[in-house]
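Below: the structure, in structure tokens.
The values are calculated or read from the model by the stated rules, or taken from the named source; none is laboratory data. Because the structure is a prediction, the values reported are computed rather than measured. In this analysis, Cβ positions are derived from the backbone assuming ideal geometry, glycine residues included, and neighbour counts consider all displayed protein chains. Calculation scope for accessible area: heavy atoms of the full protein, side chains included, ligands and nucleic acids excluded. Shrake-Rupley method; radii C 1.70, N 1.55, O 1.52, S 1.80 Å.
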Amino acid sequence: MTEAGANLSPCFRTAVVPAAGMGTRFLPATKTVPKELLPVVDTPGIELVAGEAADSGAERLVIVTSPGKDGVVAHFVEDLVLESKLEAKGKFKLLEKVRKAPGLLEVDSVVQEEPLGLGHAVLQAERVLDDDETAIAVLLPDDLVLPRGVLDVMSRVRRKRGGSVLCAIDVPKDQVSAYGVFEVEEVPDAVNPNVLKVLSMVEKPAVEDAPSTFAAAGRYLLDRAIFDAIRRIEPGSGGELQLTDAIALLISEGHPVHVVVHRGSRHDLGNPGGYLRAAVDFALDSDEYGPSLREWLTERLGDSWAPQLTTYE
Ligand code: G1P
């Protein structure tokens, strides 16, 4: 159980995972394999994110895909043939792993026909929501936020302060241009200094224009008003409909927005460098792979590492 108390009901039933991107930073691997299915040790990144959503009380995952990316959704469908083969061979540990994703939560998908931006991707989920859903969680599968549990804290903040709640990380100043960045102030009656009120938000600002070093870290708890706001914004950074701009519009109209500052770690699975760190981090923590990886890394990083080619004359 997290600090927030996972036994409290969450403020959302549906978690939206935008997975329509082309994964160009991962070419050539992503020529045929969606980047969301690249394994962090043995588990696709999107399964880790789906597990986080389920742990925080989500009942349904809505995956936003693009044409041709059906494999991402297929990962969450039972494969009875594979399961019975594993069962017949007595491979129960693998069977448990294979059954995990389909058993996590109900999965739906919607297609984003054109790559018009994160805001546009989130907007596609509106059509599958039930009328009584007043908020959604959005989890970007590029972001692994560890330890898990920030969505629980965000639910608590929405319950107390209303509106929408986002997760922020404090990034080095020279990296702000890769993120949505918050202008924040302390909450007057704050009991927790890591909950801040958001005054404005700007997508990928130049370093000199950034209002702070608090950046959006791929976890959003958004009031349903976000959909109407997305419909009212114009294309922004990169010529795309930005979720950040829709949130900024809501703030300008008086909608309360807060951030929970995450002080743990976060991996960016969206580029090979961040992905490798995540894989090493997870592997070092694994009982199965950790000990031998640690041993090999120590040797690999040691001064006596000098692989030689065998010659023959
Ligand atoms: C997206 C969001 C940005 C956020 C980032 C977190 O950007 O637009 O506001 O800070 O994710 O990873 P992207 O990395 O998709 O360009």
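Residue-by-condition table, conditions (1) under 21 Å from GLU185 (Cβ atoms); (2) surrounded by 19 or more Cβ atoms within 10 Å (Cβ to Cβ); (3) in contact with a Ser or Thr (Cβ under 7 Å, 6 or more places away or on another chain):
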residue: ARG224; (1), (2), (3): no, no, yes
residue: LEU241; (1), (2), (3): no, yes, no
residue: HIS262; (1), (2), (3): yes, yes, no
residue: GLY290; (1), (2), (3): no, no, no
residue: LEU293; (1), (2), (3): no, no, no
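Here ASP70 qualifies as modelled with pLDDT under 95, acidic (Asp, Glu) and either out of contact with any Leu (no Cβ under 9 Å at 6 or more places or on another chain) or surrounded by 19 or more Cβ atoms within 10 Å (Cβ to Cβ) (or both).
Take ILE247 and decide whether it is within 13 Å of the ligand (Cβ to nearest atom), open to solvent by less than 20 Å² (accessible area, probe 1.4 Å) and in contact with a helix residue (DSSP H, G or I) (Cβ under 8 Å, 6 or more places away or on another chain). Spelling it out, ILE247 is indeed within 13 Å of the ligand (Cβ to nearest atom), open to solvent by less than 20 Å² (accessible area, probe 1.4 Å) and in contact with a helix residue (DSSP H, G or I) (Cβ under 8 Å, 6 or more places away or on another chain). Figure legend. Inter-residue proximity from region 284-296: first residues touching a residue at least 40 places away in the same chain (Cβ under 8 Å), second residues surrounded by 10 or more Cβ atoms within 10 Å (Cβ to Cβ) and not in a helix (DSSP H, G or I), beta-carbon distance below 8 Å, spacing 6+ or different chains. Indicated pairs: SER286/VAL41; TYR289/VAL41.
Restricting the first member to region 260-273 and to residues that are more than 10 Å from the ligand (Cβ to nearest atom), and the second to residues that are of a type outside the set (A, V, I, L, M) and assigned to a strand (DSSP E or B), the beta-carbon pairs closer than 7 Å and six or more apart or on different chains are VAL260/CYS167; VAL261/ASP170; VAL261/PHE214; HIS262/CYS167. Within region 194-228, if we keep just the residues that are outside any helix (DSSP H, G or I) and free of Cβ contacts under 8 Å to residues at least 40 places away in the same chain, the residue that is nearest to the ligand (Cβ to nearest atom) turns out to be LYS204.
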